[in-house]
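Notes for the one structure printed next.
The values are calculated or read from the model by the stated rules, or taken from the named source; none is laboratory data. These numbers were taken from a predicted model, which means no experiment stands behind them. When we count neighbours, we look across all protein chains shown, and the Cβ atoms used for this are built from the backbone with ideal geometry, even at glycine.
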Amino acid sequence: MIKLALLALLILSQILVPVRAELVALQNPGFEDFPTRPVGWRTTQHAGEIAYEFEIDSEDAASGEQSFRMTCTVQQVYGLIDQKVAIGPAEQPRKMHLSAKMKSKDIGPRGWMLVVNFLGPRNAIISQVRSQHVSGTNDWKTVVLDKPIPDRTEALSVGVMLLDFGIGWVDDVQLDVSTKAADPATDAATGIR
């Protein structure tokens with residue numbers, strides 16, 4: 001009887017693991033700090049001639065005074081704005097929740113999306129995940145990317161990537177990391193709201 005009670009307690013302890021969600025502090029998530037470039041963020045493109053314009057937009061923001069705008073002017077593989085965030089190694093499974101307000105104008109079918117690179121030791125890319133893409137012309141929407149964090153991940157490179165012609169805006173980027181065990185029902189969430 002005691003063995004059965006101990007087994008039941010062990011099973012319950014695994015089921016009732018408390019969720020520890022932590023808002024990860026991104027630098028300049030609303031793009032309000034922009035002396036000459038967006039503080040905390042890196043802008044880049046794949047290669048070749050300059051194909052993207054990276055600018056602050058003080059006339060169109062989801063909230064606050066400013067947003068970030070990326071325009072593709074010459075066909076190129078991708079344009080990217082991203083930020084590296086250390087999360088350290090973990091002893092139990094973790095999940096991440098990345099969200100941002102995004103807007104688009106005349107973006108081609110390859111789209112505009114959230115992107116996360118999971119980085120391991122020495123910044124080696126373990127894997128990359130992307131949200132559902134936004135294309136065409138859309139007003140401000142919340143785009144979400146929920147994924148389990150692979151083992152050995154020590155940092156995340158979170159950002160927004162434009163893969164086609166058009167103009168994309170981003171504002172109010174938020175990242176949460178939780179220690180809750182993976183849940184297949186929600187781990188595939190990459191929606192637009």
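Just a few scattered comments:
- Flag if LYS147 is of a type outside the set (Gly, Ala, Ser) and either surrounded by fewer than 20 Cβ atoms within 10 Å (Cβ to Cβ) or within 18 Å of GLY30 (Cβ to Cβ) (or both): no
- Pairs with Cβ under 8 Å, 6+ apart, first in segment 36-54 and more than 14 Å from GLY79 (Cβ to Cβ), second assigned to a loop (DSSP other than H, G, I, E, B) and modelled with pLDDT under 95: VAL39/GLN27; VAL39/ASN28; VAL39/ASP33; GLY40/LEU26; GLY40/GLN27; GLY40/ASN28; GLY40/ASP33
- Scope segment 42-70; condition in contact with an Asp or Glu (Cβ under 6 Å, 6 or more places away or on another chain) and crowded, with 18+ Cβ neighbours inside 10 Å; matching residues: ALA61, ALA62, GLN66, SER67, ARG69
- Filtered residue count, segment 30-61, keeping only those that are at pLDDT below 90 and under 19 Å from the mean Cα position of the chain (by Cα): 1
- Test result for LYS101, closer than 17 Å to MET161 by Cβ and touching a Phe, Trp or Tyr at 6+ places or on another chain (Cβ under 7 Å): yes
- Within segment 80-131, considering residues that are touching a strand residue (DSSP E or B) at 6+ places or on another chain (Cβ under 9 Å) and among the acidic types (Asp, Glu), the one surrounded by the most Cβ atoms within 10 Å (Cβ to Cβ): ASP82
- Applying a threshold of 6 Å to beta carbon distances and a minimum spacing of six or more residues, or different chains, the list of pairs starting in segment 157-170 at a residue that is touching a residue at least 60 places away in the same chain (Cβ under 8 Å) and ending at one that is among the hydroxyl-bearing types (Ser, Thr, Tyr) reads MET161/TYR78; LEU163/TYR78; ILE167/THR71; GLY168/SER104; TRP169/SER67.
- Segment 115-140: number of residues that are within 15 Å of LEU98 (Cα to Cα) and not in a strand (DSSP E or B): 3
- Screening VAL74 on (1) within 17 Å of the chain's Cα centre (by Cα); (2) of a type outside the set (S, T, N, Q); (3) loosely packed, with under 13 Cβ neighbours inside 10 Å shows it passes everything except condition (1).
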